Structures are given as structure tokens and as C-alpha cells.
Amino acid sequence: MSASTPKKNSFFGGAAILTAGIIIVKLIGALYKVPLGNILTDAGFADFNTAYDIYSLLIIISTGGLPVALSKMVSEANALGRGNQVHKVFQLAVVAFCILGTISFLIMAVFPRQLADAMNNSRSYWSILALAPAVFFICPMSALRGYFQGHSLMTPTAVSQIIEALCKLGVGLALASFAMKSGAGESLAAAGAILGVSLGCLLGMVYMLFCYKGHRAHLRPSKDVPGDSREILRTLAKLAIPITIGSSIIAATNILDSAILMDRLQEALGLTEDAARTLKGVYNKTMTLYNLPSSFMVPLTASVIPAVSAARAVKNYRQGAQISETTLRTTALLALPAGVGLFVLGEPIIRLLYPSTQDLALAGWMLSVLGLASICVCFMLVSNSIMQAHKLVTLPMVTTLIGCILKLIVGYFLIGNPEIGIKGGAISTLACFGIIAALDLLIIKLALPRSLSYVRVFAKPAAASAAMGAAAWAIYGLLSHFLVGIKAFQSLEENGSVLLDAAGKAMLSWKGNALAVLAAIGVAVVVYFALVLLTRAISREDLSLMPKGDKIARLLRIQ
């Protein structure tokens, strides 16, 4: 295949590898976050997430735009056969990463108490300190991931993520459990849990270095003359800075939102710091599940930029537009059913995964709202990558800024309202990402060289998701009522009375709820996939970009 023709399956081949890695990582993450949420108190879980908010902002400032810029420049140079240019771009990017990583590490390591006070959560001090090393190790690792993604090699990234997750699971849970059992307290237990993240980042970085060394050893010598260092750095900065600013806006908003939430709960509603920490912990548990659908967008966002950039580098604009449209349709097929599922089964899922939560009804209500918000987040992430791949790097920053300003304003007023309280956090999140996704999709519709049909992108996945949601709601409702009736009858026979919940209804046991949730999800999956196939929601053109796509299309009889 010539250098001027992008490999047909490179985009979805890389996405498939990253998807497999993400699935494994998320399964490991569930084995970490769910037990952790029950090992720690709600207040301790708030300390854990407060440190993560600070860490996320510094990570985005340090690595938010550079991996994307590096991936784009490496992909373009590689498509043109410029091996020496690829190597020089990578070397310069690593230096920049390490400088930024060192600065971020020092901020967290030297000023943990000041950062905790600024977040209106003084008890998060130890967690911030324990997470400081991770912010350094992840910077060179991000450079290496950008390098491999630019070569459409996604396996090193996927394996390094699995290494991180396993270390976090093994070390983090063990330290948190030990701290709670030994009486060290919830704040130190949260710090122990988060220390596993730092160790995981170190091991992931070491693995990526070995992969890089092996990859370099097998590259053929190149005779091209690399560009000037200043020009390369200027191009990196031109690409990275808008992306970093756009990404930092969301991370900075999360920090401000967290600080505002704690402040409004204490100042406007008159709660103590411990009571506010408990409510924030409940909110953070719902946010953990809300973030799950968007994590499955990582393979698409990581793959679409180098794939489109490579196509544009050889002036194959039609291929770039086709990849963009397919990516949006794939996003709809993944994001809509996930968000609808969280919306329909919000409280049952919380009861299943976090039974120790103090206010299950509140958490379930917030998760349902956040389920709708998660759909918008998925489209925002993928739309931003599509715009960046088509060199529209500043527009995502503008739309993100508009949405985040709206979030802070809505959150400030709603959380301070005694009748709404912390529910305002979930409502403001939906308002924020709803407006961002709508603006991004409008820009893509107007800007791409080939007109998109959003009816073709959305109609069939939306219809299938709605039917799936109705099926899940009906199955859960029928089965839970049946199981409640059985339990009430048994309790009446054994004790002469029926165990009631706070609302005066017969209670559904944890096992009964688990059975009803799993049955509802199982039926929903069958209904959704059946409708996707019956309506031909995915086309032969989409499948042709996937590994073995033509064979899959023939097997499923997709024309």
C-alpha cells in the first residue's frame, strides 16, 4: 500500500484494541471503585474525589493538548515517510512533558494543605499528598502514548492502562481496607487508596519505555531532514494550547464546582463540613457511574485524530469526512443506550453497587439526571476530536467555555436553594454538557466538507435506545414488585409483620434488587442489539472500516 493511501482498517483496528483495553480497565475499575465506595464512608469518598479533582486539572494542564498534538504531528509525518521528523517531534515533546510534570508535582507535594483549604475540604490533605507522584509519572507516559497513537499502535496504551488499573486495585484497596480496620480514619484510608494510583502510573510509564525502545529498534533508517526545533515547538504549541485550554476549562470548572458545592452546602444551607462532605460523597458516587459511558469514547477520540489527519495529509478529504461521520454514528450507538440505561435504572443501580450510601433515593435521582448528561458528554468528547482533526482547534474551547459558565451559574443558585440542594449539581451538569454538545454538533454540520445527515446518525440508535429503556423499566418494575410480594408474604408468615422502608412500602432485599437489575439489563441488551440489526442502524460502509468488517457485514447480511 502506498504512503498516499491510509490503511483501510487502521482507524477501527486501533479503536478495537483500545476498546478491548478500556473494557478490561473498566472492569478492574469497577472492582476498585465499587468496593472502595463501600469501604470508605461517604465523607472519606469525598476526600478521595477532592484530591482527584485537583489532580485532573494539573494533568490536563500538563498533558491535555500535547498528546493530541504529538499524535497528529507524528501521524502526518509518518504518512509522508518522514521517520527522522517523527523522532525529533517526539524528543521535543518529551522534554516539554517532563518540565510540566515536574511543576505540577511540586504544586501538589509542596502545597497540599493550601489546596485542601481552597476546596473547602481540609480533610483531603493526605489524599492530595499521596496523589502528587502520579502527576509526574503520567507526563512522560502521555508522551509515549501520543507517539504510539500517531503510529496507529494502540496496544501499548491499552496494556499500560491495564497495568495502572491492576496496581490501583491491588495496592489501593489493600491500603484503604487496612487503614479503616486499624482505626487510622477515613481520610488516611482515602489517601491509602489513592497511593495505588501513583504506583500504577510509575509501572505504566516503565512499561511504555520498554515498548518505545523495542519499537525504535525495528524502525527502518530514514533519510529525511527533520524540521527546525523552534518550528516544531511552535507547531506543537499552536495545536496543543487551544486543546489544553479547552480541556482545562472543564477540569477547572470541576474544581470550582466542587468548591462552590461545599461552600453553598455549608454557607447557604448551614451544614457542617462533615455533613457537607457526606453529601458530596453521595454525589461523587453517582459521578463515578456517570463517567463510565464517556470512558468508552477514549478509543474513538484517540483514533479519529490520527486517522483523519493522515487522510487529510494526503488530501483524501472524502475519507476524512467518512471517518468523522462513522465516528458520530458509532458514538450514538454506544452513548444513547448507556445514558438511557442509567436514566431508567438510576436508583436500582445505586442500590446494587453502593448499598452503604446514606441516602439511596437521592443518589438514584441524581444518577438518572446524570445518565442523560453522560450522553451529551460522549458527543462533546467525540465532536471535539473531530473538530481538532479538521483543524478547528479553537471552536471547542469556545463552546466548552459557554457550557462551563452556565454550569457554575446554575449550580451556584440551585445548590443554595434548600428545596433543591445538592441535586443542583446534577442539574447544572446536564445543562452544561447539553449546550456544549448541541453547539459542537451544529459546528460540525456546518463546517465539514461533506454534509452530514443527523437523521441518519441519530434516528435509528435513538429509537432502539428508547425501546430498550422501556423494556428495562418494565422488566425491573414487574420483577421487583413480584419479589417484594414474595418477601412480604414470607416475612408475614415468619414474624407476623412486614418490613417497611422509609416510605412505608415493603422492602426489596439487596439480592432481590440485584436479580431485578441484572434481568432488566439482560433483556435491554437483547432488545437493543435486535433492533440495531433489524433497523440496520450500522451500515456496510461503517463496517468496512473495521477489522474483518466485510466478513461481519456478510454474516449479518448488512447491505
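The values are calculated or read from the model by the stated rules, or taken from the named source; none is laboratory data. Everything numeric here is computed off the predicted structure, so don't read it as measured data. No Cβ is skipped: glycine too gets one built from the backbone with ideal geometry, and neighbour counts run over all protein chains shown. Protein only, heavy atoms only, side chains kept; ligands, DNA and RNA dropped before computing areas. Shrake-Rupley method; radii C 1.70, N 1.55, O 1.52, S 1.80 Å.
Quick one: what does P(r) look like for segment 323-368 with 5 Å bins over all Cα pairs, in whole %?
5, 23, 21, 14, 11, 10, 8, 5, 2, 0
Put His87, His481 in order of accessible area, largest first, 1.4 Å probe: what do you get?
Ranking His87, His481 by accessible area, largest first, yields His481, His87.
May I ask you to order 43-49, 174-180, 151-157 by the average number of other C-beta atoms within 10 Å around their residues, highest value first?
Top of the packing list down: 43-49, 151-157, 174-180.
In the structure displayed, which of Lys238/Lys445; Lys26/Lys423; Lys72/Lys238 lie more than 21 Å apart, Cα to Cα?
Details: Lys238/Lys445 25 Å; Lys26/Lys423 26 Å; Lys72/Lys238 12 Å.
Flagged as over cut-off: Lys238/Lys445; Lys26/Lys423.
Using modelled amide H (1.01 Å from N, peptide plane; none on Pro or chain starts), what sits under 5 Å from the amide H of Thr535, excluding residues fewer than 5 places away?
none
For segment 353-443, what D do you get in µm² per second when you plug the Kirkwood radius from alpha-carbon pairs into Stokes-Einstein at 25 °C and 0.890 mPa s?
174 µm²/s
At 1.4 Å probe size, what's the solvent-accessible area of Thr288? Round to the nearest 10 Å².
30 Å²
Starting from a Cα-only point model with no solvent, please compute log10 I(q)/I(0) by Debye for segment 142-196 at q = 0.25 1/Å.
So the normalised log intensities are -0.82.
Measuring with a 1.4 Å probe in the full set of protein chains, what accessible area per residue, in whole Å², belongs to segment 177-259?
54 Å²
Using a 7 Å offset from the Cα along the Cα-to-Cβ direction at both Leu442 and Thr102, what is the distance between the two label points in nm, to one decimal?
Placing both labels 7 Å beyond Cα along the Cβ direction yields 4.6 nm.
Order the following by accessible area, largest value first: Val517, Val525. Probe radius 1.4 Å; ligands, DNA and RNA are ignored.
Details: Val517 0, Val525 70 Å².
Per-residue accessible area, sorted high to low, gives Val525, Val517.
Label points 7 Å out from Cα along the Cβ direction at Ala275 and Ser453: separation in nm?
The two pseudo-label positions are separated by 5.7 nm.
I'd like the accessible area for Met73: 1.4 Å probe, protein heavy atoms, all chains in place, Å² to the nearest 10.
Looks like 20 Å² after rounding.
What number does segment 423-477 give for Rg over Rh if you use C-alpha atoms and the Kirkwood radius?
That ratio is 1.13, to two decimals.
Hey, if we sort Thr286, Thr301 by accessible area with the 1.4 Å probe, largest down, what's the order?
Ranking Thr286, Thr301 by accessible area, largest first, yields Thr301, Thr286.
For all pairs of alpha-carbon atoms in segment 232-308, what percent lies in each bin of width 10 Å, listed from the first bin to the last filled one?
Spelled out bin by bin, segment 232-308 gives 15, 30, 27, 17, 10, 1 percent.
May I ask you to compute the full-extension gain from Leu408 to Ala519, defined as 0.36 nm times their residue separation minus their alpha-carbon distance, rounded to one decimal in nm?
36.1 nm
With the Cα gyration tensor of segment 275-427 in hand, give its eigenvalues times 5 under a square root as the equivalent ellipsoid semi-axes, listed largest first in whole angstrom. Walk me through the numbers before you get to the answer.
On the way: eigenvalues 247, 64, 22 Å².
They are 35, 18, 10 Å, listed largest first.
Given a 1.4 Å probe and the protein chains all in place, what does the accessible area of Lys33 round to, in Å² to the nearest 10?
50 Å²
Counting only Cα, what are the radius of gyration and maximum Cα-Cα distance Dmax of segment 15-108, in Å?
Rg, Dmax (Cα atoms, Å): 18.2, 55.
If I take the Cα coordinates of segment 131-284 and project them onto the principal axes, what are the three extents in Å, biggest first?
Its Cα atoms span 68, 36, 21 Å along the three principal axes.
Go through segment 399-415 residue by residue and turn each phi into a ³J(HN,Hα) via Karplus (6.51, -1.76, 1.60, θ = phi - 60°); whole Hz please, and just put x for glycine and proline.
5, 5, 4, 4, x, 6, 4, 4, 4, 5, 5, 4, x, 4, 6, 6, 5
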